[in-house]
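Visitor: Pasting a structure here, questions to come.
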Amino acid sequence: MADSDGTGQVPASTYVQAMSCYKASLCYALGGNSTSSPIATNEIFPLNPKTGAIGSMAKISGFDGTDISCISASTCLISGFTGSGAAAKAAVVTVVNAKPGTPVNYPGSSLSFHSLACASTSACYAVGSSSSGGIVDKVTS
């Protein structure tokens, strides 16, 4: 559905946690349904960077996302975590052509990746926290 200026509008009860674009060819928003309990950030939806039109939402099972970074015209990475409490593990999900993959946990990392940045398709880093302090891990698609 479009708002008054013709751009896209997210579905009701949806919040947006993060957004990333790759040049003028691709944008994705990371969010979730604010009425679920517990609230999970596990849905992505594409946005047309030229028109603001919003595409279909895709849910990522078993994962809570915190940030997104698009590294090409077809691929984005989402940082976050799987599990909860003491069992939480830092994880990354790769999205290719609007289809999210399976969360990949990073060994030695616990709790959560909070943010993600990519300098190139082969140089992406996630930062977050572990039971022993801050973490920085190189992540790949």
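Visitor: Looking at (1) touching an Asp or Glu at 6+ places or on another chain (Cβ under 8 Å); (2) farther than 18 Å from C21 by Cβ, find the lone condition where M57 falls short.
Guide: Result: M57 passes all but (2).
Visitor: In segment 16-36, what residues are more than 24 Å from S72 (Cα to Cα) and either under 10 Å from the mean Cα position of the chain (by Cα) or surrounded by 15 or more Cβ atoms within 10 Å (Cβ to Cβ) (or both)?
Guide: N33
Visitor: Can you tell me which residues in segment 116-126 are farther than 17 Å from K23 by Cα and loosely packed, with under 15 Cβ neighbours inside 10 Å?
Guide: S122, A123 - these are the residues of segment 116-126 that are farther than 17 Å from K23 by Cα and loosely packed, with under 15 Cβ neighbours inside 10 Å.
Visitor: What residue, among those in segment 20-63 that are aliphatic (A, V, I, L, M) and over 13 Å from V95 (Cα atoms), is modelled with the lowest pLDDT?
Guide: Going through the qualifying residues, I end up with I39.
Visitor: Oh, and also: What's the number of the only condition in (1) loosely packed, with under 14 Cβ neighbours inside 10 Å; (2) over 15 Å from D137 (Cβ atoms); (3) not charged (D, E, K, R) that G52 fails to meet?
Guide: Failing condition for G52: (1).
Visitor: Which one of V10, V96 is surrounded by fewer than 22 Cβ atoms within 10 Å (Cβ to Cβ), of a type in the set (A, V, I, L, M) and at pLDDT 90 or above?
Guide: V96
Visitor: Residues that are without any contact (Cβ under 8 Å) to a residue 12 or more places away in the chain: list the strands (runs of 3 or more DSSP E) wholly contained in segment 51-139 that include at least 3 such residues. Before you say what the answer is, go through the steps one by one.
Guide: Values: elements: 64-70, 75-82, 89-96, 112-120, 123-130, 133-139.
So the answer is 133-139.
The values are calculated or read from the model by the stated rules, or taken from the named source; none is laboratory data. Every value quoted in this text rests on a predicted model; they were computed, and no experiment measured them. Neighbour counts run over all protein chains shown; Cβ positions are idealised from the backbone, glycine included.
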